[in-house]
1. Number of Lys pairs in the chain with C-alpha atoms less than 24 angstrom apart, excluding same-chain neighbours closer than eight positions?
2. How big is the dipole moment of the stretch 111-221 about its Cα centre under a simple scheme where the beta carbon of each Lys and Arg is +1, that of each Asp and Glu is -1, and everything else is neutral? Debye, nearest 20, please.
3. If you rank I194, I57, I225 by fewest surrounding Cβ atoms within 10 Å, what's the result?
4. Under 5 Å between amide hydrogens, which residues at least 5 positions from T74 or on another chain qualify, with H placed 1.01 Å from N in the peptide plane?
5. State the antiparallel share, in %, of DSSP beta bridges confined to the chain, rounding to the nearest 5.
6. Full-extension gain between D164 and A226, please, as 0.36 nm times their residue separation minus the C-alpha to C-alpha distance.
7. Can you tell me the relative contact order of the stretch 15-205? Whole percent, Cα pairs under 8 Å, sequence separation 6 or more.
8. Putting +1 on Lys and Arg Cβ atoms and -1 on Asp and Glu Cβ atoms, find which of A221, C102, A249 reaches farthest to the positive end of the dipole of the chain.
Amino acid sequence: MRPFFLLFLFHFSLYFSPLAQEAIFLDNPSFEDEPAYARPPMGWFYCGQPGESPPDIHPGGFFEVDVQPLDGHTYVGMVARDNGTSEGLGQRLSRPLEAGRCYSFSIFAARSDDYWSYSRLSGEQANYNRALRLRAWGGSENCGRSELLWETDVVAQLQWAPFDMIFRPQQGHTHIFFEATFLNPQAAPYNGNILLDKASALIPIDCSSPAPERKPLDTVADPRIADVQALRAYLAEQGRRLRFTVTGAGMEQHLFADSAGNVQQVNKHLWLMGRALRLFPGAELLIAVGGESEFVLRERIMNFEYTLQAAGAPPQQYQLRPRKRSDDKKEWLWPGEAHEYLIQLILK
């Protein structure tokens, strides 16, 4: 009981301290409204590029998003797109942020593994399911970008998690807005989403308080492989680690940076296999993929294709096809019953 009591005293003292009396409360901090697509919730204005749609109020069955709200009945979903555009939400503050003062703030965020919509760039349906960051901007007008107040860690998890921030504005701001943004603004844009719920008040704090730490991404170096036997062993090692998601159709995703600093969001083990394959132009992979339905099989093959492309593996160095009964008689990198997919290394 003692740790809980101390935690209670901490929050009691925080919210009833003289500084807390000057807290800035957001209008509709849990994004409550009737579920709707392309419409900002009450109390919030849309920040985004002309001609693009505003954020969506979930859950309403839109775009196959089925995450349940953390607080209240609804939450908001924002996307960034492969054409370089992104969505944001903002509002005028009930009291301006003061230059030189510090404020604590937290918001819960998550990512949906399904967020299907139309891509203007490709002209086809696309899954906006990749991970993004959240930026908080201060300004003197709607959607103003006078000062970047904070940028979160990568929002990759599929469950709600709190993201804590400390704002140290160098100038006064009457408005605030939150923007979905890419992991690496210098890299090629892509389709991603971020879900937001249960924002806190902005509470003045002592500026000597330490800022929340931001976790660096894991860095994955290209493999160094001496010969074909080492390649065969490396492919078998990484291939055995590859896993599909609970639904069976998707492939486990990892967030990491390559040795050049580019952020990747793909299956790390298959990506490393693709990078290793590039070292041996005379080698080719035959990948036979199993699946209990046509949909699962198609999604799995698409995942393999996308990840190998992301790794830069030349298309002529791999073949993807459904698994056959006759495959049981062939020689693979591991026994046929060990995995739902099989890989064979072919030397030209």
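Read the figures in this text as sums done on the coordinates, not as results from a lab. Here the structure is a predicted model, which means the values were calculated and not measured. Cβ atoms come from the backbone with ideal geometry, glycine included; neighbour counts cover every protein chain shown.
1. Values: K198/K215; K215/K268; K324/K348; K329/K348; K330/K348.
Lysine pairs meeting both conditions in the chain amount to 5.
2. Dipole of the stretch 111-221, to the nearest 20 debye: 140 debye.
3. On the way: I194 30, I57 25, I225 18.
Final ranking by Cβ density, sparse to dense: I225, I57, I194.
4. Close amide H contacts, sequence-distant or interchain: D33.
5. On the way: 61 of 70 bridges.
Counting only bridges with both partners in the chain, antiparallel ones make up about 85 percent.
6. Working: separation 62, 0.36 × 62 = 22.32 nm, distance 4.58 nm.
Working it through step by step, the gained length comes to 17.7 nm.
7. Values: 544 pairs, mean separation 57.2, N = 191.
Computed over the stretch 15-205, the figure is 30 percent.
8. Result: A221, furthest along the dipole toward the positive end.
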